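Engineer: Okay, here's the structure, questions in a sec.
The values are calculated or read from the model by the stated rules, or taken from the named source; none is laboratory data. Remember, it's a predicted structure, so these values are computed and weren't measured experimentally. Cβ atoms come from the backbone with ideal geometry, glycine included; neighbour counts cover every protein chain shown. Ligands, DNA and RNA are excluded from the accessible area calculation, which covers all protein heavy atoms including side chains. Shrake-Rupley method; radii C 1.70, N 1.55, O 1.52, S 1.80 Å.
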Amino acid sequence: MKGKIEIDQELCKGCGLCIQVCPKKQIEFSDALNKKGYYPASFKERDRKTTEKLECTGCALCAIQCPDVAIEVYREEKEQSTTAKKAAPTDE
Amino acid sequence: MKKVFARPESLKLTPFHYCPGCGHSIIHRLVSEVIDELGIRERTVGVPPAGCAVLAYNYFDVDMAEAPHGRAAAVATGIKRVRPDLVAFSYQGDGDIAAIGTAETIHAANRGERITAIFVNNAVYGMTGGQMAPTTISGQVTTTTPLGRAPLRDGYPLDLSEMLGIAAGSVYIERTSVSSPKWINKTKKAIRKAFMVQLEDRGFSLVEILSPCPTNWKMTPVQSIRWVEETMMTIFPPKVIKDVA
Amino acid sequence: MSETKEKKKDKKLMRGSHVLGEAAIRAGCRAYFGYPITPQNELPEYMAEQFAQMPDAVFLQAESELASINMVMGASIAGARVMTSSSSPGISLKQEGISYIAGMELPAVIVNMMRGGPGLGNIAPAQGDYFQATKGGGHGDYRLIVLAPAYGQEIADMTRQAFDLADKYRNPVMILGDGMLGQMMEPVVFPDPIDPAQLPAKPWTLTGCKGRPSRIIRSLWLDVNREEELNWRLVRKYEAITAEVVDQEMYLAEDAELIIVAYGTAARIAKGGVQRARAMGIKVGLFRPKTLWPYPSEPLARLADQVDEIIVFEMSTGQMVEDVRLAVEGRCRVSFYGRPGGVVATPEEISRVISSTHHRAHPKKVAGGRASGGSRLTVVG
Ligand SMILES: Cc1ncc(C[n+]2csc(CCOP(=O)(O)OP(=O)(O)O)c2C)c(N)n1
Ligand code: SF4
Ligand code: SF4
Ligand code: SF4
């Protein structure tokens with residue numbers, strides 16, 4: 001796994017935009033409501049059906065789209081020179 | 001692993017009151033990121049409007065002064081004129097900037113005020129419950145155009161940004177969107193450039209951002225970002241409207 | 001003001017609107033925003049001319065009074081001593097911003113050189129905006145401090161006072177004059193200029209959050225309890241203002257049996273009327289409120305105990321008369337004489353009003369006098 005994300009379950013409003021934009025289909029809705037009454041998004045490391053290991057690239061597209069700044073993205077450091085440059089949200 | 005995406009410093013931890021999927025919150029984050037990256041947090045004053053973003057002062061961790069509905073350009077002008085060392089930005093909805101505040105905005109642009117306007121175009125009056133906005137597109141159903149906006153009765157959608165482009169004092173005007181990560185990145189670049197125009201003391205800058213309002217459009221967040229790209233963009237095409245290099 | 005030889009040397013002959021502008025600059029005002037309207041254009045023109053030579057000063061002709069009052073708001077938020085001016089129709093447009101400025105507790109000085117109304121009216125001196133100035137004017141529960149100068153010297157002194165009060169109480173202050181006051185050439189001795197850099201720091205302004213937490217200046221209080229709290233806090237502030245700033249002039253009032261109440265230009269005319277009536281042997285005095293809000297109700301009430309009747313003279317159809325009645329609380333008769341619409345009464349006219357009122361009040365005292373029958377003087381004009 002090159003990257004991973006952490007979703008703040010209480011900041012999340014379950015809008016589903018991250019799920020829509022993740023190229024690796026790495027995010028799903030969770031089954032439990034959060035305190036605000038939304039079904040928050042959660043990061044899945046394996047596909048539920050095939051149990052195949054999914055590959056989050058740490059591209060941060062989910063976090064860029066997330067309206068509620070609920071997602072933090074982590075990436076393996078050595079990948080930085082290639083992937084980070086392309087997707088780092090703070091880039092020009 | 002290294003954290004590569006986190007909340008910007010200029011954005012307080014306060015959870016947003018905005019509806020799920022609302023574009024306002026994305027735009028708040030982008031403005032905060034730009035403020036952080038330009039290192040101007042300690043000399044920025046923001047002027048939020050009356051509109052869904054009226055509580056923006058609770059989110060930005062910079063000095064914030066609320067303006068009456070539509071008057072943000074005038075309030076920002078007053079701040080910037082007496083303290084040119086500050087960075088003044090207004091944050092306004094389409095009703096705020098393109099209906100009740102049209103005069104203030106056009107004249108601020110024409111005077112080349114060194115202020116930056118963040119113009120959130122969601123084609124409705126969000127805060128007051130989804131009434132027709134100046135930017136509501138023809139045929140669009142709102143609570144005050146129940147059969148759809150009929151231009152001969154309700155007027156045509158107003159392209160304020162194009163009008164502002166004509167004003168001699170405007171330096172940089174771009175229309176973007178927050179409907180996808182690609183557009184969000186473009187929007188951030190545009191916001192950064194708009195602030196740079198102010199920092200370089202060149203004149204008025206504005207970024208119009210097509211922004212989903214799933215609640216009043218009566219759509220899911222995913223449907224609403226599609227509507228931005230498939231429908232709104234045909235009436236308000238994203239582009240650089242003016243860039244006086 | 002005592003006139004030592006030194007002071008005499010400093011005396012300048014200037015028109016009222018220029019006096020106001022000069023006094024504002026000497027009070028440390030470095031920002032002016034306005035929109036042209038007669039009869040007050042000499043004031044912005046003076047500011048433009050002076051500020052053109054002051055690199056740290058901001059003069060801006062805005063696109064409307066709406067814009068200019070909101071620019072005033074911004075400049076005040078950023079800490080400036082700031083002023084705007086207009087005349088009646090323009091002041092109506094400023095009301096939105098004035099309400100916000102009062103609610104946000106921002107200092108600002110607003111000048112209204114009143115003209116004939118309602119509507120576009122005319123450009124002649126009038127006093128039809130008394131209610132608007134003293135009862136709020138915009139929406140919500142708030143008050144302006146309203147100063148009503150009647151002489152050039154007073155314009156100079158009250159303008160200084162206006163800026164000081166605005167800062168002290170973080171409240172908008174209105175200087176209420178009229179076209180005549182603005183045009184009149186009078187000798188004036190100005191207070192010494194203040195260096196704005198020496199003014200006390202304002203710990204609430206928005207100047208960037210360097211070295212401190214970020215600040216918010218807001219006027220939205222969705223929590224009704226906090227809005228109520230703000231309203232009561234404003235009331236306590238208004239009570240403190242009332243205790244400190246109430247001011248009035250009393251002229252020949254000591255032995256008066258009859259008092260005429262008037263402010264601003266109307267008071268100057270009334271003073272002439274009083275002098276003429278005194279020459280006829282009528283014991284009449286003048287009570288001139290210098291602050292219209294807070295209103296000098298207590299000194300007026302004390303006078304009401306001493307006199308038979310109070311005549312209120314206004315260049316309107318009768319607005320301040322309501323405050324007089326409230327102050328007097330039935331202690332004596334209150335009658336009204338008004339010339340609205342821009343008509344300027346003459347001192348002779350006022351002396352006739354005084355004498356006919358006097359004859360009615362004292363039919364026996366006046367040998368061969370003709371007592372007028374009416375129980376109350378009504379609006380003439
Ligand atoms: C003078 C005045 N008129 C009307 C309103 C009510 N009002 C508040 S926000 C708003 C419009 C909001 O629409 P927009 O500017 O598009 O912002 P949005 O809520 O969609 O973000 C209106 C009409 C007001 N606050 N002040
Ligand atoms: S970082 Fe990229 S791959 Fe990983 S979850 Fe987010 S969008 Fe999917
Ligand atoms: S985009 Fe953000 S708020 Fe929306 S579902 Fe994903 S994590 Fe939650
Ligand atoms: S009503 Fe629309 S603009 Fe307002 S917060 Fe909700 S989604 Fe956003």
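Engineer: Taking B:L30 as the residue in question, decide whether it is within 16 Å of ligand 3 (Cβ to nearest atom) and within 15 Å of the chain's Cα centre (by Cα). Working first, answer last.
Structural biologist: Working: within 16 Å of ligand 3 (Cβ to nearest atom): yes; within 15 Å of the chain's Cα centre (by Cα): yes.
Criteria met by B:L30.
Engineer: Quick check on B:I184: is it within 16 Å of ligand 3 (Cβ to nearest atom) and either in contact with a helix residue (DSSP H, G or I) (Cβ under 8 Å, 6 or more places away or on another chain) or open to solvent by 50 Å² or more (accessible area, probe 1.4 Å) (or both)?
Structural biologist: yes
Engineer: Can you name the condition, by its number, that B:T143 falls short on among (1) within 14 Å of another protein chain (Cβ to nearest Cβ); (2) open to solvent by 10 Å² or more (accessible area, probe 1.4 Å); (3) within 14 Å of ligand 4 (Cβ to nearest atom)?
Structural biologist: Checking B:T143 against (1) within 14 Å of another protein chain (Cβ to nearest Cβ); (2) open to solvent by 10 Å² or more (accessible area, probe 1.4 Å); (3) within 14 Å of ligand 4 (Cβ to nearest atom), the one that fails is (1).
Engineer: Mind counting the residues in segment C:270-292 that are more than 18 Å from the chain's Cα centre (by Cα), closer than 14 Å to C:E314 by Cβ and among the hydrophobic types (A, V, I, L, M, F, W, C)?
Structural biologist: Here the count works out to 0.
Engineer: Shifting gears a bit: So C:T205 fits all but one of (1) part of a loop (DSSP other than H, G, I, E, B); (2) open to solvent by 60 Å² or more (accessible area, probe 1.4 Å); what number is the exception?
Structural biologist: (2)
Engineer: Which pairs have Cβ atoms under 6 Å, sit 6 or more apart or on different chains, and link a residue in segment B:114-130 that is touching a residue at least 60 places away in the same chain (Cβ under 8 Å) and in a strand (DSSP E or B) to one that is open to solvent by 10 Å² or more (accessible area, probe 1.4 Å) and within 7 Å of ligand 4 (Cβ to nearest atom)?
Structural biologist: B:V124/B:C213; B:V124/B:N216
Engineer: Can you name every residue in segment B:227-245 that is of a type outside the set (F, W, Y), open to solvent by 10 Å² or more (accessible area, probe 1.4 Å) and either at positive phi or touching a residue at least 12 places away in the same chain (Cβ under 8 Å) (or both)?
Structural biologist: Once the filter is applied, which keeps residues that are of a type outside the set (F, W, Y), open to solvent by 10 Å² or more (accessible area, probe 1.4 Å) and either at positive phi or touching a residue at least 12 places away in the same chain (Cβ under 8 Å) (or both), segment B:227-245 yields B:E229, B:T231, B:M233, B:I235, B:P237, B:P238, B:K239, B:V240, B:I241, B:K242, B:D243, B:V244.
Engineer: For residues that are of a type in the set (G, A, S), under 27 Å from C:R115 (Cβ atoms) and open to solvent by 10 Å² or more (accessible area, probe 1.4 Å), tally how many sit in segment C:308-350. Before the answer, list the steps.
Structural biologist: Our first condition is that a residue be of a type in the set (G, A, S); within segment C:308-350, this holds for C:316, C:318, C:327, C:330, C:335, C:338, C:341-342, C:345.
Now narrow it down to the ones that are under 27 Å from C:R115 (Cβ atoms): C:316, C:318, C:335, C:338, C:341-342, C:345.
Among the residues that remain, those that are also open to solvent by 10 Å² or more (accessible area, probe 1.4 Å) are: C:318, C:341-342.
Total meeting the criteria: 3.
Engineer: What are the residues in segment C:227-269 that are in contact with an Asp or Glu (Cβ under 9 Å, 6 or more places away or on another chain), among the aliphatic types (A, V, I, L, M) and farther than 22 Å from C:I155 by Cβ, if any?
Structural biologist: Across segment C:227-269, the qualifying residues are C:L230, C:L234, C:V235, C:L258, C:I259.
Engineer: Can you find a residue that is part of a helix (DSSP H, G or I), within 14 Å of chain B (Cβ to nearest Cβ) and within 19 Å of C:R160 (Cα to Cα) anywhere in segment C:27-47?
Structural biologist: Yes, some residue in segment C:27-47 is part of a helix (DSSP H, G or I), within 14 Å of chain B (Cβ to nearest Cβ) and within 19 Å of C:R160 (Cα to Cα).
Engineer: Another question about this same structure. Facing chain C (nearest Cβ under 10 Å) and without any contact (Cβ under 8 Å) to a residue 40 or more places away in the chain - does that describe any residue in segment B:85-97?
Structural biologist: No, segment B:85-97 has no match at all.
Engineer: With respect to B:L199, determine if the residue is among the aliphatic types (A, V, I, L, M) and either farther than 25 Å from B:A167 by Cβ or open to solvent by 10 Å² or more (accessible area, probe 1.4 Å) (or both).
Structural biologist: Here the answer is yes, as B:L199 does meet what is asked.
Engineer: For segment B:2-19, state whether one or more residues are in a helix (DSSP H, G or I), more than 8 Å from chain C (Cβ to nearest Cβ) and open to solvent by less than 10 Å² (accessible area, probe 1.4 Å).
Structural biologist: no
Engineer: Quick check: anything in segment B:98-121 charged (D, E, K, R), within 12 Å of chain C (Cβ to nearest Cβ) and open to solvent by 10 Å² or more (accessible area, probe 1.4 Å)?
Structural biologist: yes
Engineer: Can you name the strands (runs of 3 or more DSSP E) wholly within segment A:1-58 that have at least 3 residues being more than 16 Å from ligand 4 (Cβ to nearest atom) and within 22 Å of B:M1 (Cα to Cα)? So that I can check it myself, show each step before the final result.
Structural biologist: Working: elements: A:3-7, A:27-29, A:41-43.
Result: A:3-7, A:41-43.
Engineer: Please indicate, with yes or no, whether at least one residue in segment B:152-164 is more than 13 Å from ligand 1 (Cβ to nearest atom), in a helix (DSSP H, G or I) and in contact with an Asp or Glu (Cβ under 6 Å, 6 or more places away or on another chain).
Structural biologist: Yes, because at least one residue in segment B:152-164 is more than 13 Å from ligand 1 (Cβ to nearest atom), in a helix (DSSP H, G or I) and in contact with an Asp or Glu (Cβ under 6 Å, 6 or more places away or on another chain).
Engineer: Here's another thing I want to ask about it. Tell me, which helices (runs of 4 or more DSSP H) wholly within segment B:167-245 include 1 or more residues that are away from ligand 1 (no atom under 16 Å from the Cβ)?
Structural biologist: Details: elements: B:181-199, B:214-217, B:221-227.
Qualifying helices (runs of 4 or more DSSP H): B:181-199, B:221-227.
Engineer: Within segment B:29-38, can one find any residue that is farther than 30 Å from A:G3 by Cα, more than 8 Å from every other protein chain (Cβ to nearest Cβ), touching a Leu at 6+ places or on another chain (Cβ under 9 Å) and of a type in the set (A, V, I, L, M, F, W, C)? Steps first, please.
Structural biologist: As a first pass, look at segment B:29-38 and keep what is farther than 30 Å from A:G3 by Cα: none.
No, every residue in segment B:29-38 fails to be farther than 30 Å from A:G3 by Cα, more than 8 Å from every other protein chain (Cβ to nearest Cβ), touching a Leu at 6+ places or on another chain (Cβ under 9 Å) and of a type in the set (A, V, I, L, M, F, W, C).
Engineer: Continuing with the same structure: Which of the residues that make up segment A:28-42 are within 13 Å of chain B (Cβ to nearest Cβ), within 16 Å of ligand 2 (Cβ to nearest atom) and either small (G, A, S) or open to solvent by less than 70 Å² (accessible area, probe 1.4 Å) (or both)?
Structural biologist: Result: A:P40, A:A41.
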